[in-house]
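Asks: One structure is given below, represented as structure tokens, and several questions about it will come after.
The values are calculated or read from the model by the stated rules, or taken from the named source; none is laboratory data. These numbers come from a predicted model, not from an experiment. Cβ placement follows ideal geometry from the backbone for every residue including glycine, while neighbour counts extend to all protein chains displayed. Remember, those area values only see protein heavy atoms, side chains included, never the ligands or the DNA or RNA. Shrake-Rupley method; radii C 1.70, N 1.55, O 1.52, S 1.80 Å.
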Amino acid sequence: MSQPVSQMPQSAAIIGPQYCVPQVVDLAIVRKVMSLTDGSFVVTDVNDNILFKVKGRLFSIHDRRVLIDAAGNPLVTLTEKIMSAHDRWQAFRGESTDPKDLMFTVKRSSMIQLKTKLHVFLSTNTTNEHVCDFRIEGSWFERSCVVYAGESNNVVAQMHKKHSVQSVLLGKDKFMVTVYPNVDYAFVTALIVILDGINKEDQDEG
């Protein structure tokens, strides 16, 4: 059975039009499992060119991560909303956390979940969170989550685990993400970082 392919009518630029290209983009994401320094995520293309890094704030009241480009420019700040019932994260433009700079919100679709299911609402969504703009489903533990457009079966991005003895020995978790044409791959990267944050909480509580 072949995977459904995204049919995005026009480029869906969310973080920036420069991250929407007419071909499939394969991202390699390396997550340093035991990292206590900035830069817990490094995102490269298939030629090992660095595209993005993630700076984290350790030991702060709530989880806060900043996605930066290869030149070190902050693209989006990802923060966990305290005291939210559905593990709500918010994404703001640049290094802002001002409500006027909100770009999108991610939350669990329900409180109790055996598998990952998250709903993504863009700041332009006027449905009062009744209809999501994107959704994420699958297993984070197996690194096999899929990003869909809205409530449709159109796949916009897919994760796949990439095991290697070397990465395990180095305390790194490496996986690939395929982003379909005309989909903002910086936005997809930000979703992966939020996925990690939400599932890190589950591990801490488990």
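Asks: Report the residue count in segment 95-113 for those that are farther than 25 Å from residue 178 by Cβ and either free of Cβ contacts under 8 Å to residues at least 12 places away in the same chain or in contact with a helix residue (DSSP H, G or I) (Cβ under 9 Å, 6 or more places away or on another chain) (or both). I'd like the intermediate steps shown before the answer.
Replies: We begin by selecting, within segment 95-113, every residue farther than 25 Å from residue 178 by Cβ; these are 95-102, 110-112.
Restricting the remaining residues to those that are either free of Cβ contacts under 8 Å to residues at least 12 places away in the same chain or in contact with a helix residue (DSSP H, G or I) (Cβ under 9 Å, 6 or more places away or on another chain) (or both) gives 98-101, 112.
Total meeting the criteria: 5.
Asks: Here is a follow-up. Going through segment 145-162 one residue at a time, which ones are among the charged types (D, E, K, R) and outside any strand (DSSP E or B)?
Replies: If the condition is that a residue be among the charged types (D, E, K, R) and outside any strand (DSSP E or B), then 151, 162 are the ones that fit.
Asks: Of the conditions (1) surrounded by 11 or more Cβ atoms within 10 Å (Cβ to Cβ); (2) at pLDDT below 95; (3) out of contact with any helix residue (DSSP H, G or I) (no Cβ under 7 Å at 6 or more places or on another chain), residue 69 satisfies every one except a single condition; which number is it?
Replies: Unmet condition: (2).
Asks: Report yes if residue 168 is open to solvent by 20 Å² or more (accessible area, probe 1.4 Å), modelled with pLDDT under 95 and among the β-branched types (Val, Ile, Thr), otherwise no.
Replies: It is true that residue 168 is open to solvent by 20 Å² or more (accessible area, probe 1.4 Å), modelled with pLDDT under 95 and among the β-branched types (Val, Ile, Thr).
Asks: Here is a further query. One residue is enough: does segment 125-140 have a residue meeting the conditions in a loop (DSSP other than H, G, I, E, B) and aromatic (Phe, Trp, Tyr)? It would help to see each step written out before you state the result.
Replies: Going through segment 125-140, the residues in a loop (DSSP other than H, G, I, E, B) turn out to be 125-133, 139-140.
This time we only want the ones that are aromatic (Phe, Trp, Tyr), so: 140.
Yes, segment 125-140 contains a residue that is in a loop (DSSP other than H, G, I, E, B) and aromatic (Phe, Trp, Tyr).
Asks: Conditions: (1) within 14 Å of the chain's Cα centre (by Cα); (2) at pLDDT below 90; (3) open to solvent by less than 40 Å² (accessible area, probe 1.4 Å). Residue 107 meets all but one. Number of the miss?
Replies: Status for residue 107: all satisfied but (2).
Asks: Yes or no: residue 142 over 14 Å from the mean Cα position of the chain (by Cα), surrounded by fewer than 18 Cβ atoms within 10 Å (Cβ to Cβ) and modelled with pLDDT of 85 or more?
Replies: No.
Asks: Counting only residues that are part of a helix (DSSP H, G or I) and of a type in the set (Gly, Ala, Ser), which one in segment 171-206 is modelled with the lowest pLDDT?
Replies: 197
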